[in-house]
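J.: Structure incoming, see below.
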Amino acid sequence: MTNTIVLAAGPNGLGVVRSLYLNGIRSHIITRDRDDITHKSKVPTTKTYIEGTTDKEQHQSLLSAILLSPKGTLIIPTSDWFVTFLTEHSQQLEENYKFIIPNAELSEILIDKAKETVVVGNVIPIPKTVQEINNSQQLLDELSLPIIIKPRSHKHMVLGAKNIIIETEKQLQQFFEKFDSVLSSVIAQEIIQGKDSQQWVCNCFFDEKSNITQAFTFNRLRLSPSHYGVTSYAVSEHNQAVIDLSAQLGKALKYTGPAMVEFKQDPVDDIYKYIEINPRLGMCNFFDTSCGVNNAFATYQLATQQALPEKQSMKSGVMFVSFYEDLFSRMRDGEAVGTILKEYLSNLATKKHIFIYYVWWDPYPAVSLFYRQIKSFITSKFKAVFNK
C-alpha cells in the first residue's frame, strides 16, 4: 500500500481522509491550522500542522515535513493554497513523490480567475466578465447591475471578504473609492439572477487522456453565506447537461485528475453557465463517495498506476447537510427558524442524509464542532450583555 499524505483543509480534507479509509487506505495529514477539524478525526495515522506566519515560512515548513516522508509517497491537496504549493515546488518533489495536479501552466491559469475566465470562456458559456477593471463607467458599459467583485485568487485577498456584491451605482462608486488601489487584484462579473437552487456542481475525474471517467452532480439548494458562499444544503441529482459541459471543458484544457466544476442555470435563456473550477477535490467530496462516486480513491488509483473503474452510477435523491453553516446562514438571511426546521424534518423523513462532519464510525469532528459552536454562542451572548 502506498504511503499517503493528505494536505488537509477543513471539511475538504476530512472528506478525503474518510473516502480513502473506506478503501482500506489510512493516510497521514498535514494542515495549516492546529485547530483544523481533520485533527479531531480518528482516521489519520499521524497529524501534523505547518509552522510559520507567512506563505514563505509555511511553504518551507511543509516542504520539510514532506521531505521526511518515504520516497513514493502520494500527496493529495485539498485547497488552492496546497495546489499552488505543489505547483511551485513540483521540480523538487516530483522525482520522489506522487501527486495528481494540472501542469504548472494550467494550475496557474485555473487558480487565477482573470486568466481562468478568458480560457474557459472560449470553451463553454460563462457570465459576462471584466478581467481588467479600470473605472466605474467601464463596468456600467460592459456589465448590468447587480455585479459581483471577486479576488483573482487566494494570493489576491484584498477585499476583506470572499466577494463584494454591488447592486446600485452608488455602491459601485463607494467600491472604487475604497478599493481603487487594488483593482488589478480583482475581477467583476455580471450576476446570474435566479434562485440558489439553479446552481449545480459536478465533482468529476479525468484520466491521462483527459476523458471524464466518473462524475457526480448535485443541485445546490442553499449556500453559506447565503447566495454567494459554499454549499450548505444540497441534493444529489444526475444532470447529464452539466456532466457534458464538464467533460467538454476538461478535454479542451487537457485536464487530468479530480476537479470540482460549478454552474448556474440562467433563468433568462436556460443555459448552464460556468461559475468556477477548483483544480482539486472539492469540499463535498465525501458526499460523492457516499453516493457511489469516490473521486479521492480514483486519485489514489491513477497516482499508483492502477486501473481506473469504469463510469460509476451515482445515487440520486440523497441530501447533503452542513447543518450549523446552513442554519445560521438562513437565519441571518431572515428565514424563520420554524420554517427551516420544518424543511429539515420533512426531508429527514423521506431522504437519506450525508452530514459534512458526522459519520457514526468517526463522530469526533462533529462533536468537537458542536462544542465550538455552543461555546461561541454563549460567549457572544455574554459579550452582548456585558456591552449593554
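The values are calculated or read from the model by the stated rules, or taken from the named source; none is laboratory data. This one's a predicted model, so the numbers in the text were calculated from it and none came from an experiment. As a convention, Cβ positions derive from the backbone with ideal geometry for all residues, glycine included, and neighbour counts pool all protein chains shown.
J.: Go over the candidates Ser144, Ser153, Ser136 one by one and state the one that is touching a strand residue (DSSP E or B) at 6+ places or on another chain (Cβ under 8 Å) and small (Gly, Ala, Ser).
T.: Unique residue meeting the criteria: Ser144.
J.: Across region 74-108, which residue is surrounded by the most Cβ atoms within 10 Å (Cβ to Cβ) among those that are closer than 18 Å to Ser27 by Cβ and aromatic (Phe, Trp, Tyr)?
T.: Phe82
J.: Hey, Lys209 hits all of (1) out of contact with any helix residue (DSSP H, G or I) (no Cβ under 7 Å at 6 or more places or on another chain); (2) modelled with pLDDT under 95; (3) in a loop (DSSP other than H, G, I, E, B); (4) not hydroxyl-bearing (Ser, Thr, Tyr) but one; which does it fall short on?
T.: (2)
J.: Continuing with this model, one more query. What do you reckon, is His39 buried (at least 16 other Cβ atoms within 10 Å of the Cβ), farther than 28 Å from Gly292 by Cβ and in contact with a Lys or Arg (Cβ under 9 Å, 6 or more places away or on another chain)?
T.: yes
J.: Checking the structure you have, find out if any residue of region 142-153 is within 21 Å of the chain's Cα centre (by Cα), hydrophobic (A, V, I, L, M, F, W, C), surrounded by 16 or more Cβ atoms within 10 Å (Cβ to Cβ) and in a strand (DSSP E or B).
T.: Yes, that holds for at least one residue.
J.: Return yes or no: is His227 part of a loop (DSSP other than H, G, I, E, B), modelled with pLDDT of 95 or more and either in the same structural domain as Asp288 (by TED's automatic domain parsing) or surrounded by 20 or more Cβ atoms within 10 Å (Cβ to Cβ) (or both)?
T.: no
J.: So which of Val123, Val118, Val158, Val130 ends up being aliphatic (A, V, I, L, M) and at pLDDT below 95?
T.: Val158
J.: Same structure again: Inside region 249-275, can you point out the residues that are touching a residue at least 60 places away in the same chain (Cβ under 8 Å), touching a Lys or Arg at 6+ places or on another chain (Cβ under 9 Å) and part of a strand (DSSP E or B)?
T.: Within region 249-275, Gly257, Pro258, Glu262, Phe263, Lys264, Gln265, Tyr272, Lys273, Tyr274, Ile275 qualify.
J.: Quick check on my filter: what residues within region 104-114 are without any contact (Cβ under 8 Å) to a residue 12 or more places away in the chain and either within 17 Å of Ile275 (Cα to Cα) or in the same structural domain as Ser27 (by TED's automatic domain parsing) (or both)?
T.: Answer for region 104-114, where residues must be without any contact (Cβ under 8 Å) to a residue 12 or more places away in the chain and either within 17 Å of Ile275 (Cα to Cα) or in the same structural domain as Ser27 (by TED's automatic domain parsing) (or both): just Ile109.
J.: Give, as residue ranges, the helices (runs of 4 or more DSSP H) completely inside region 280-388 that count at least 1 residues that are in the same structural domain as Tyr255 (by TED's automatic domain parsing).
T.: 285-290, 295-303, 323-332, 337-350
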